[in-house]
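The values are calculated or read from the model by the stated rules, or taken from the named source; none is laboratory data. All values reported here derive from a predicted model rather than from experimental measurement. Positions of Cβ are backbone-derived with ideal geometry, glycine not excepted, and every protein chain shown enters the neighbour counts. Only protein heavy atoms, including side chains, enter the accessible area calculation; ligands, DNA and RNA are left aside. Shrake-Rupley method; radii C 1.70, N 1.55, O 1.52, S 1.80 Å.
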Amino acid sequence: MAKLHLITYGCQMNEYDSERVAGLLKRDQYELCDRPEDADVILLNTCAIREKAEDKVFSQLGALKGLKKTRPDLVIGVMGCMAQLQQGRIQERAPYVDLVFGSPAIARVGELVARVRRGERQVLDTAEGALVKIIAKPEGVSRLKAFVTVMEGCEKHCTFCVVPVTRGRERSHPPAVVIDEIRGLAAAGCREVTLLGQTVNAYGRDLDPPLDLAALLEQVNEVDGIDRIRFTTSNPYNLTSRLIRAIRDVPKVVEYLHLPVQSGSDRMLERMHRGYTTQRYLELIDELKSTVPDIALSTDIIVGFPGETDADFADTVDVVERVAYDNAFVFRYSRRPGTPAADMADQVPDAVKAERNAALLAVTTRTAAARSQRLAGRVVPVLVDGASRKDPREASGRTRCNRVVNFEGHGRALIGSVVPVRITDVLPHSLRGALTETDDAARVECDGVAGAAE
Ligand code: 5AD
């Protein structure tokens with residue numbers, strides 16, 4: 001068998017795509033290997049969301065250049081968002097790359113690699129393709145939790161964002177196809193699925209007949225063997241009361257929502273083309289909190305968007321304090337080619353971005369720690385997914401609100417089950433707990449009160 005080394009950057013959708021690529025190439029007799037030195041084919045699945053993500057890829061390509069020199073028949077390919085966006089720069093800066101293809105071409109990966117191995121150089125495929133659901137997966141991948149892409153692309157055109165360019169128009173996979181894939185995953189032992197889409201809560205608008213994410217969640221809920229359903233990323237603009245009620249009412253849907261606010265300043269939101277005001281966002285948060293008590297919320301925030309003043313930034317800090325997120329991802333604005341914000345005149349200096357980044361992180365760390373405290377002393381259902389990273393004798397799992405919990409478990413025996421754990425210590429990055437009971441009755445009861453317990 002030939003050997004494939006895959007390096008994945010970026011979001012969960014890229015992780016999902018990489019698994020598909022490994023699965024497709026397995027059919028062509030490629031097996032995964034851990035070391036680039038052992039590979040016949042090396043593929044970099046790339047991210048273009050910020051410049052830093054691209055820098056990483058170029059430095060990785062630089063590191064692989066020597067290998068290619070000593071073994072000219074080694075195939076090096078760049079796939080994914082950066083391939084789509086930076087084809088020219090890749091050819092210029094790394095002319096030894098043999099293959100460049102975007103995510104729409106993933107279904108053709110076998111043929112593309114074969115063309116290179118027959119001697120064709122460089123092979124390029126960055127055209128928009130038809131929507132294809134690829135379910136090929138390599139063996140040996142952990143099946144306890146899985147990502148399932150339910151829609152591709154994005155049509156929001158936020159002025160900072162490159163995704164509409166790299167991943168194309170919004171297209172949903174029909175529910176029957178999604179359910180089929182999840183049934184297959186459940187049969188292979190999967191217990192938690194995360195439904196993926198760039199604007200996942202716009203799911204289904206383009207289908208005939210149209211449906212929405214709430215309806216899809218109800219269908220996924222019916223799949224035996226699946227215990228937990230997550231979905232990401234949601235856009236506030238498309239968040240409906242119907243979806244909020246589904247988070248409350250569909251039992252397997254966890255009480256967790258990632259709802260990027262991006263900024264707490266109306267002026268910035270307008271310039272970002274986000275389609276909502278701070279007031280509207282906070283109304284949604286109120287509705288979420290009153291409908292789904294104890295819901296965990298997370299967000300993405302950009303600091304240093306063009307034109308952002310100290311007053312705009314202060315408004316963002318204010319929103320973060322008011323929402324009290326469980327988790328927040330803060331990004332310094334990065335100019336992306338082909339996006340409207342890249343050409344805005346009033347770019348913010350790097351030093352100011354760095355300052356705001358640090359200041360906001362201090363706030364988000366504080367609010368997240370305060371939120372964690374609410375779990376102290378409670379019994380929560382934990383899906384055990386392995387041994388603790390620090391102490392392999394301990395078991396580790398996640399709450400429905402996605403916090404890591406370590407506790408004294410029974411080796412690997414509990415992996416894959418949902419068990420009741422009393423939270424004894426709230427630490428900065430994880431929770432410690434004690435298994436309360438492990439008999440089946442307790443497990444069922446624990447599952448049943450999951451919503452109220454967290
Ligand atoms: N600069 C910085 N952050 C960005 N994001 C998207 N585009 C940019 C950019 N040009 C952030 C947004 C988004 C997350 C995935 O990445 O916050 O929600």
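From Asp34, Asp40, which residue is more than 16 Å from the ligand (Cβ to nearest atom), open to solvent by less than 50 Å² (accessible area, probe 1.4 Å) and farther than 18 Å from Ala107 by Cα?
Asp40
Which helices (runs of 4 or more DSSP H) does region 1-117 wholly contain that include 2 or more residues that are touching a Lys or Arg at 6+ places or on another chain (Cβ under 7 Å), in contact (Cβ under 8 Å) with a residue 60 or more places away in the chain and of a type outside the set (Ser, Thr, Tyr)?
Once the helices (runs of 4 or more DSSP H) in region 1-117 are filtered for at least 2 residues that are touching a Lys or Arg at 6+ places or on another chain (Cβ under 7 Å), in contact (Cβ under 8 Å) with a residue 60 or more places away in the chain and of a type outside the set (Ser, Thr, Tyr), what remains is 12-27.
Please specify each residue of region 124-138 satisfying the condition of being in contact with a helix residue (DSSP H, G or I) (Cβ under 6 Å, 6 or more places away or on another chain), surrounded by fewer than 18 Cβ atoms within 10 Å (Cβ to Cβ) and free of Cβ contacts under 8 Å to residues at least 40 places away in the same chain.
Within region 124-138, Gly129, Val132 meet the criteria.
Which residue, of Ile7, Ile49, is within 16 Å of the ligand (Cβ to nearest atom), β-branched (Val, Ile, Thr), open to solvent by 10 Å² or more (accessible area, probe 1.4 Å) and closer than 22 Å to Pro104 by Cα?
That would be Ile49, the only listed residue that is within 16 Å of the ligand (Cβ to nearest atom), β-branched (Val, Ile, Thr), open to solvent by 10 Å² or more (accessible area, probe 1.4 Å) and closer than 22 Å to Pro104 by Cα.
Which pairs turn up if I take residues in region 184-196 that are more than 7 Å from Ile226 (Cβ to Cβ) and look for partners that are open to solvent by 40 Å² or more (accessible area, probe 1.4 Å) and of a type in the set (A, V, I, L, M) with beta carbon separation below 7 Å, at least 6 apart in sequence or on another chain?
Gly184/Ile135
Within the set of pairs 6+ apart or on separate chains, which have a first residue in region 264-290 that is under 17 Å from Cys161 (Cα atoms), a second that is open to solvent by less than 90 Å² (accessible area, probe 1.4 Å) and of a type in the set (Asp, Glu), and C-beta atoms under 7 Å apart?
Pairs that qualify, where the first residue is under 17 Å from Cys161 (Cα atoms) and the partner is open to solvent by less than 90 Å² (accessible area, probe 1.4 Å) and of a type in the set (Asp, Glu), are Met268/Glu308; Met268/Asp312.
Which of the residues that make up region 387-420 are within 24 Å of His258 (Cβ to Cβ) and at pLDDT 90 or above?
Within region 387-420, Ser396, Gly397, Arg398, Thr399, Arg400, Cys401, Asn402, Arg403, Val404, Val405, Asn406, Val418 meet the criteria.
From the set of residues in region 325-334 that are under 22 Å from Asn402 (Cβ atoms) and open to solvent by less than 30 Å² (accessible area, probe 1.4 Å), which is farthest from the ligand (Cβ to nearest atom)?
Across region 325-334, the extreme among qualifying residues is Asp326.
Going residue by residue through region 301-308, is there one that turns out to be surrounded by fewer than 20 Cβ atoms within 10 Å (Cβ to Cβ) and out of contact with any strand residue (DSSP E or B) (no Cβ under 8 Å at 6 or more places or on another chain)?
Yes, region 301-308 contains a residue that is surrounded by fewer than 20 Cβ atoms within 10 Å (Cβ to Cβ) and out of contact with any strand residue (DSSP E or B) (no Cβ under 8 Å at 6 or more places or on another chain).
Hey, among Arg242, Arg228, which residue is over 19 Å from the mean Cα position of the chain (by Cα), at pLDDT 95 or above and not hydroxyl-bearing (Ser, Thr, Tyr)?
Arg242
For the structure I just gave you, tell me whether Pro337 is within 14 Å of the ligand (Cβ to nearest atom), farther than 29 Å from Pro428 by Cβ and open to solvent by 10 Å² or more (accessible area, probe 1.4 Å).
Criteria met by Pro337.
Taking the condition of being under 30 Å from His157 (Cβ atoms), touching a residue at least 40 places away in the same chain (Cβ under 8 Å) and charged (D, E, K, R), how many residues in region 220-252 meet it?
Within region 220-252, residues that are under 30 Å from His157 (Cβ atoms), touching a residue at least 40 places away in the same chain (Cβ under 8 Å) and charged (D, E, K, R) number 2.
Give me a count of the residues in region 337-385 that are assigned to a loop (DSSP other than H, G, I, E, B) and over 30 Å from Ala296 (Cα atoms).
9
Kindly indicate the residue of region 180-191 that is under 21 Å from Asp212 (Cα atoms) and within 20 Å of the chain's Cα centre (by Cα) and also least open to solvent (accessible area, probe 1.4 Å) among those meeting that condition.
The extreme case among them is Ile182.
With respect to the numbered conditions (1) within 16 Å of the ligand (Cβ to nearest atom); (2) in contact (Cβ under 8 Å) with a residue 24 or more places away in the chain; (3) of a type outside the set (Ser, Thr, Tyr); (4) open to solvent by 20 Å² or more (accessible area, probe 1.4 Å), which one is the sole condition not fulfilled by Pro164?
The number of the failed condition is (2).
Could we say that Arg389 is closer than 27 Å to Thr233 by Cβ, within 16 Å of the ligand (Cβ to nearest atom), open to solvent by 20 Å² or more (accessible area, probe 1.4 Å) and in a loop (DSSP other than H, G, I, E, B) here?
No.
Report yes if some residue within region 354-368 is basic (Lys, Arg), open to solvent by less than 40 Å² (accessible area, probe 1.4 Å) and at pLDDT 95 or above; otherwise report no.
yes
Of everything in region 192-212, what is more than 17 Å from the chain's Cα centre (by Cα) and open to solvent by less than 10 Å² (accessible area, probe 1.4 Å)? Give them in sequence order.
Gly204
Of the residues that sit in region 421-452 and are under 26 Å from the mean Cα position of the chain (by Cα) and over 17 Å from Asp385 (Cβ atoms), which one is modelled with the highest pLDDT?
Filtering region 421-452 for residues that are under 26 Å from the mean Cα position of the chain (by Cα) and over 17 Å from Asp385 (Cβ atoms), the one modelled with the highest pLDDT comes out as Val426.
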